[in-house]
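Each remark here refers to the structure printed beneath this line.
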Amino acid sequence: MKRCDTGDLAAGKTDARKIEDYAASHPRFFVSRILGVAAFAGLAAMMIFFIALRGEEQTLVPDVRNMDLINALLELQVKDLYPRIQLRYSQTADDRGLVLEQDPLPGTIVKAGRRIRLVVSQGLIMNTMENYRGRNIDDARMEIRALFASLPQPLITFKEPFMYEYSSEPAGSILRQRPPPGTPISSPTALELVISRGVRDSQITVPALRGLSTGEALRALRSGKFDFSFSLRPQRDAEKAETVVEQEPEAGAVIPAGQTVFLVAAAPARPSGGSVFGLFTYLLPENPYPLPVRLEALLKNGERRVLAELEYGGGKLTIPYRAPVGATLIFSLLNRELHREEALPAVETLPFD
């Protein structure tokens, strides 16, 4: 073990004594030194904090809307910002290649290096008018709605009310259109249509409906060629419940299109299986040609059951149905809900009422 030199110890004690003696005789000097060191340490800590807080340099987002894409990218480059580009069809051909939207908005302060979302126009989704002649108006309407679903305003709209005329084409077929097919499109356009009412005063033969179940009778009438009217009366001894027991005109009769076929169905006294047998009635506006309608039952558990699907031209519509107790009936035209009501047991009515 190394021994301490007694001379060194003595020298150390002497130096310490000298410092103590100097501090005792000059107290302000030592206090100022201590405060200076503390202040320097605090200043250094504050500088480090603010440097860390500042982070990356901030910049102002420029307005690049309605600029062509190249100029917009140059503007962002000057501000040390980067684009994230999305393409979208627009409503005019002149928009092609222009910035439609940006996010963040102009004037927003962001950090350099931030990505700016730019929505850029691809121009028109179609350049010329399509040929809709010979197509069903409902099919054409759904196609146009789907085609322009992503646009705030569709490029093609229908000018309504439509014009109708009788023709040999099926009812609902588009006979003529304006603008004609092939017309250049450069902005939103209203399409005028002439639609077929079908053959005027055509003769039809009444089918045999007596003895059919109400469901079978509705399927036989679903084409929309007949206006029909159901009524209900209590089941008699020899009759089968929920079947057509009377019809007028009789099967085989030749009648003009649009003449009403009257039907009477036998209502069961006590429907089985926790269900009700009733007659749904709804007054539809008169349509120029038959339109698709649907009657559904919404059960308590949320299940939906289709009770009847057919086409009807308008006026009073009557549909016999069987539905579970407590179900809600939902009636729709062209897949658009028009009416709801509770499924209730049938009330006796007179034949051909």
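The values are calculated or read from the model by the stated rules, or taken from the named source; none is laboratory data. Everything quoted here is computed from the prediction, not taken from an experiment. Ideal geometry is used to build each Cβ from the backbone, glycine not excepted, and the neighbour counts take in all protein chains shown.
See the values below:
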quantity	calculated
Meets criteria (in contact (Cβ under 8 Å) with a residue 12 or more places away in the chain and either surrounded by 19 or more Cβ atoms within 10 Å (Cβ to Cβ) or under 36 Å from the mean Cα position of the chain (by Cα) (or both)) for Ala257	no
Only listed residue being of a type in the set (Asp, Glu) and touching a Ser or Thr at 6+ places or on another chain (Cβ under 9 Å), chosen from Glu143, Glu169, Glu192, Glu160	Glu169
Any hit, the stretch 267-278, residues being without any contact (Cβ under 8 Å) to a residue 60 or more places away in the chain, closer than 21 Å to Leu333 by Cβ and assigned to a loop (DSSP other than H, G, I, E, B)	no
Out of Ile116, Ile156, sole residue that is assigned by TED's automatic domain parsing to the domain that holds Arg88 and in contact (Cβ under 8 Å) with a residue 12 or more places away in the chain	Ile116
Filter pass, Gly224 being outside any helix (DSSP H, G or I) and more than 27 Å from Leu334 (Cα to Cα)	no
The stretch 110-134, subset closer than 13 Å to Leu76 by Cα and part of a strand (DSSP E or B), residue farthest from the chain's Cα centre (by Cα)	Lys111
Selection from the stretch 81-99 of residues that are of a type outside the set (S, T, N, Q), surrounded by 13 or more Cβ atoms within 10 Å (Cβ to Cβ) and modelled with pLDDT under 90	Arg88, Tyr89, Ala93, Asp94, Asp95, Arg96, Gly97
Matching strands (runs of 3 or more DSSP E) fully within the stretch 140-185 where at least 1 residues are farther than 30 Å from Ser202 by Cα and hydroxyl-bearing (Ser, Thr, Tyr)	156-158
Residue tally, condition more than 11 Å from Arg135 (Cβ to Cβ) and not small (Gly, Ala, Ser), over the stretch 169-191	11
Pro62 being at pLDDT 90 or above and not small (Gly, Ala, Ser)	yes
